[in-house]
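The values are calculated or read from the model by the stated rules, or taken from the named source; none is laboratory data. For clarity, every value in this text was computed on a predicted model and none was experimentally measured. When we count neighbours, we look across all protein chains shown, and the Cβ atoms used for this are built from the backbone with ideal geometry, even at glycine.
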Amino acid sequence: MSITVNGIAIPDAAVDQEVQYHPAPTLDEARASAAQALVVRQLLLQEAARLGVAGTPETDDETAEEATVRALLAQAITVPDADEAACRRYFDNNAAKFRSPDIYEAAHILFPASPDDEDARRDAKQKALDTIQILVDAPERFAELARALSACPSKEQGGSLGQITRGQTVPEFETFLVHLLPGTLCPVPVPTPFGYHVLRLDRRIDGRDLPFDIVRPRIADYLHEASWRRAVHQYIQVLAGRADLTGVTIDAAASPLVQ
């Protein structure tokens, strides 16, 4: 079935072009998402034309259509700034989000091996095991061995990775890192897609809870953005409810937009 919005057709070629911006597990899902996006854009452009709203691009990358949609939404949607009580309530209910990250000072020695090279990985693991055994007896040799053996540029610093936080290393490495006690050598080689690592945690600096006054502006911005997105969604639902649509389903709302 062809897709139309109040009699205006959206050709298959336009859907095919839009698909690239809507990654999905299957092509059918990507096409459905692309079609909905094009319908929403058409609904907004038609409403802008009805109201006589036109926008002027503010950057070289912004198209005239994008500017018009932006101008329409700016005119149609107003959301209040989050007040002190709302910010405080969000802060109290999401305390874990407002904490400085734990910092880890670590060092490693990397023996490289591709994930799909079983022989290389077996060899890298054995080298890591041999190095761990040496370090158990002579921990002071870590920097020396890192400079001599590691395939990581950190070898120039004796294997030191400096200060790192969660998310800065691959998950496999991080899993071992966060469970080590400061000042200890990991007793087993750490496997990652890069190979096998000899890992030592030198120091952990625990994060601290951030005070409300510091994070209040961030919370206010987040709550304002969330409110704006909900209002835009409802506005689109209202437009869809008024429109004559074929070939696509958009959730429609019978009630007017609640600001």
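Taking region 167-198, which residues are more than 19 Å from Ala124 (Cα to Cα) and assigned to a loop (DSSP other than H, G, I, E, B)?
Listed by number, the residues that qualify are Gly167, Gln168, Thr169, Leu180, Leu181, Pro182, Gly183.
For region 22-96, which helices (runs of 4 or more DSSP H) that fit wholly inside it have 2 or more residues that are closer than 24 Å to Tyr222 by Cα and within 23 Å of the chain's Cα centre (by Cα)?
The helices (runs of 4 or more DSSP H) meeting that bar are 84-93.
Of (1) more than 27 Å from Asp202 (Cα to Cα); (2) assigned by TED's automatic domain parsing to the domain that holds Thr169, Tyr90 satisfies all except one. Which?
(2)
Hey, could you check region 91-146 for residues that are of a type in the set (S, T, N, Q) and over 16 Å from Gly195 (Cβ atoms) and say which is modelled with the lowest pLDDT?
Filtering region 91-146 for residues that are of a type in the set (S, T, N, Q) and over 16 Å from Gly195 (Cβ atoms), the one modelled with the lowest pLDDT comes out as Ser100.
With respect to Arg99, determine if the residue is in contact with a Gly (Cβ under 8 Å, 6 or more places away or on another chain) and touching a residue at least 24 places away in the same chain (Cβ under 8 Å).
So Arg99 fits the description; yes.
Any chance region 32-40 includes a residue that's surrounded by 15 or more Cβ atoms within 10 Å (Cβ to Cβ), in contact (Cβ under 8 Å) with a residue 12 or more places away in the chain, over 29 Å from Tyr235 (Cα atoms) and not assigned by TED's automatic domain parsing to the domain that holds Gly158?
no
Do you know which of the residues in region 199-245 that are outside any helix (DSSP H, G or I) and either out of contact with any Phe, Trp or Tyr (no Cβ under 9 Å at 6 or more places or on another chain) or of a type in the set (Gly, Ala, Ser) (or both) is farthest from Asn94 (Cα to Cα)?
Going through the qualifying residues, I end up with Asp244.
So Arg208 clears everything in (1) crowded, with 16+ Cβ neighbours inside 10 Å; (2) farther than 20 Å from Ala86 by Cβ except one condition, right? Which one?
Going through (1) crowded, with 16+ Cβ neighbours inside 10 Å; (2) farther than 20 Å from Ala86 by Cβ one by one, Arg208 breaks only (1).
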